[in-house]
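See structure below.
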Amino acid sequence: MPFYTASKSTFEVGGKEFPRITWYKEPGMRTLYITLMFAVLTSATNGYDGSMMNGLQTLPAWQTSFNNPDASTRGLLNAIMSVGSIVALPITPYIADIFGRRAGVITGCITMIIGVALQSIGANIQMFIAARFLIGFGVAIAHGAAPLLIAELVHPQHRAIFTTIYNSTWYFGSIVAAWLTYGTLSIQSAWSWRIPSLVQAAPSVIQLVAIWMVPESPRYLIAKGKTEKALKILANAHARGDTQDELVQIEYREINETLRLEQEFETNGWLDLFKTPGNRRRLIILFTLGFFSQWSGNGLVSYYMNDVLTAAGVQSSKTRLEINGILNIINFAVALTMCFFIDKFGRRPLFIFATGGMFMAFCAWTVCAAQFVKTQVSGAATAEIFFIFLYYVFYNSAWSGLLVGYAVEILPYKIRAKGLTLMFLAVDLALFFNSYVNPIALGALGWKYYIVYDVWLFIELLTVYFFYVETRNTPLEEICKHFDGETALLGGDLATEKARHYLVEEIGNDGKIVPASTTREVSEEVSDGNGSPKTEA
């Protein structure tokens with residue numbers, strides 16, 4: 001029995017069914033996907049950072065180098081990265097929209113490499129903090145461009161899998177950092193923490209090399225008027241270079257007409273995210289995605305597992321590092337496996353399943369922690385660690401991969417970069433809170449602090465149930481119909497009534513669409529089957 005079977009034997013674009021393809025049997029697609037995976041390792045850098053900071057706080061040499069920083073200082077060390085990301089967010093969408101998705105990845109990687117270099121020197125705590133600010137600044141820029149490049153470039157059949165794999169690589173970076181710091185524990189000098197710090201630059205260096213082998217987003221190129229180049233990229237990526245392929249022609253018409261309609265009749269300012277009912281629902285989803293992904297109790301383990309395990313009676317630094325490393329391997333395995341079932345089970349059911357499971361596991365985690373504090377029975381501590389692992393199994397069923405994949409796909413092109421930026425703003429605000437408040441709250445309240453997250457997880461479950469929209473097996477441009485209905489500006493073979501009203505038989509030499517009401521009313525637009533639209537009035 002195969003590891004993965006699709007929900008159906010075909011995929012749909014423009015209202016037409018196409019037989020599913022195997023990516024590694026397609027030469028152009030195989031090359032693209034391999035290079036693209038190396039070019040978008042930003043999430044791995046982020047995951048490496050969280051696990052590295054967990055590990056560094058366990059290393060005696062790191063504590064000695066920085067004079068045994070207290071809980072408040074450690075909170076600042078982690079939170080300052082989120083501050084750097086927040087500062088970068090206002091410029092992030094403009095880099096991606098004006099200069100291109102690849103330019104955003106390149107800018108972010110260069111900034112991160114500079115930050116890692118300063119962090120590795122780490123002459124004092126002030127320099128370490130400043131370096132982490134720069135790393136956060138670079139992560140935000142690369143994070144704001146990399147998912148867009150993936151979603152706008154890959155074949156429609158593979159969009160859900162690839163975009164969820166992107167954020168799941170967080171754990172790949174986390175695994176490397178966890179076991180690297182475990183390995184350097186025996187080094188009796190500052191190199192025990194400088195080596196893990198230096199290796200943090202590796203994903204960014206790999207990205208800088210690989211990004212030049214990946215084409216620019218065809219949607220970005222069409223938005224900039226480079227339609228021939230965009231069509232060629234679509235053909236190379238999806239149809240072995242055949243620009244007349246039926247799928248490529250349908251995709252091209254749908255993207256081209258939709259973007260032209262958006263450019264002519266919609267603006268792309270920040271306020272557009274609040275103007276329509278559909279956009280307001282998107283905004284609720286984006287903000288809750290960001291907050292819930294980090295503010296669900298996982299921040300306790302991501303950055304302060306050392307404190308959590310110490311409170312659970314694990315006194316050995318070696319044992320704490322081993323538990324951290326094993327947990328990250330399990331997290332990566334679960335997150336990566338679930339990427340292949342996104343379209344099979346659907347986004348909304350997975351979010352409900354994951355959040356409900358997190359709520360139950362965290363409640364059990366809280367009870368076990370309370371029992372251990374009261375009784376000091378080792379069985380309660382063992383059960384607490386078990387429920388930490390179980391909690392993460394549920395978390396990684398949806399929240400790790402779909403955080404970025406779901407956010408990117410629900411946004412129309414004109415507001416995609418800005419909407420993703422707002423989602424990451426919510427992530428960074430939650431991370432800042434977690435990083436700065438968690439160690440202080442844990443120190444003051446102990447296991448009682450877990451009750452806050454028990455209540456919050458129940459609120460998350462209700463929010464997901466009432467507001468999240470299913471987008472399973474829907475091409476990128478066509479998802480707007482799930483939010484905007486017939487008021488959506490969707491061109492191509494499935495053009496909405498609103499779009500049909502504006503579309504005319506020919507587009508003027510200036511490249512702009514003229515509203516039908518200024519020329520003649522259009523009642524129906526059909527295709528002649530060769531990529532040339534014709535209109536019946």
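The values are calculated or read from the model by the stated rules, or taken from the named source; none is laboratory data. Because the structure is a prediction, the values reported are computed rather than measured. Here Cβ is always computed from backbone atoms with ideal geometry, including for glycine, and neighbour counts include all displayed protein chains. Note: accessible area is taken over every heavy atom of the protein model, side chains too, but ligands, DNA and RNA are not part of it. Shrake-Rupley method; radii C 1.70, N 1.55, O 1.52, S 1.80 Å.
Side notes on the structure shown:
- Nearest 10 degrees, 0 to 90: helix 101-121 Cα axis against the chain principal axis: 10 degrees
- The string of couplings for segment 58-72 from the Karplus curve (6.51, -1.76, 1.60, θ = phi - 60°) is 8, 7, x, 5, 5, 4, 5, 4, 10, 6, 6, x, 7, 4, 5 Hz, one whole number per residue in order, with x for Gly and Pro.
- Per-residue [θ]222 nm for the chain (sum of -39500 (n - 2.57) over DSSP H runs n ≥ 4, rounded to 500): -22000 deg cm²/dmol
- Equivalent ellipsoid dimensions for segment 391-436 as semi-axes, Å, which come from the Cα gyration tensor, largest first: 22, 17, 4
- Rounded, prolate or oblate (a/c below 1.5 giving rounded, otherwise prolate when a/b exceeds b/c) for segment 102-200 by Cα gyration tensor: oblate
- Surface composition of the chain: carbon plus sulfur atoms hold 64% of the accessible area, using a 1.4 angstrom probe and ignoring ligands, DNA and RNA.
- The distance from the alpha carbon centre of segment 329-374 to that of segment 137-164 is 24 Å, rounded to a whole number.
- In plain terms, if you count all Cα to Cα distances in segment 19-132 and split them into 5 Å steps from zero, the share in each step is 2, 9, 16, 19, 14, 11, 10, 8, 5, 3, 2, 1, 0 percent.
- Under the shape rule built on the C-alpha gyration tensor, where the axes satisfy a ≥ b ≥ c, segment 217-261 is oblate, since a/c reaches at least 1.5 while a/b does not exceed b/c.
- Candidates per trypsin sites (Lys or Arg not before Pro) in segment 335-432, loop by DSSP, up to 10 other Cβ within 10 Å: none
- Principal-axis tilt of helix 27-39 within the chain, Cα atoms, nearest 10 degrees: 40 degrees
- Segment 279-333: Rg to Rh, with Rh as the Kirkwood radius over Cα pairs: 1.19
- Across segment 209-218, coupling constants 3J(HN,Hα) worked out from phi with the 6.51/-1.76/1.60 Karplus curve, θ = phi - 60°, read 7, 6, 4, 6, 9, 10, x, 6, 4, x Hz, and Gly and Pro carry x.
- Considering only alpha-carbon pairs that sit under 8 angstrom and 6 or more positions apart, the relative contact order computed for the chain is 22 percent.
- Distant-in-sequence amide H partners of residue 11 (H built 1.01 Å from N, under 5 Å): 18, 20
- Residue-normalised accessible area of the chain, given per residue in Å² at a 1.4 Å probe: 38 Å²
- Distance between the C-alpha centres of segment 212-290 and segment 402-473: 26 Å, rounded to the whole angstrom.
- Table column - 3J(HN,Hα) (Hz), segment 187-195, Karplus curve with 6.51, -1.76, 1.60, x for Gly and Pro: 6, 8, 7, 5, 5, 5, 10, 5, 4
- Tilt relative to the chain, helix 399-409 - C-alpha long axis, 0 to 90 degrees, to 10: 20 degrees
- The length gained by stretching the chain between residue 244 and residue 9 to full extension, at 0.36 nm per residue less their Cα-Cα distance, is 82.3 nm.
- Put simply, when 193-202, 235-244 are sorted by average Cβ atoms within 10 angstrom per residue, most first, you get 193-202, 235-244.
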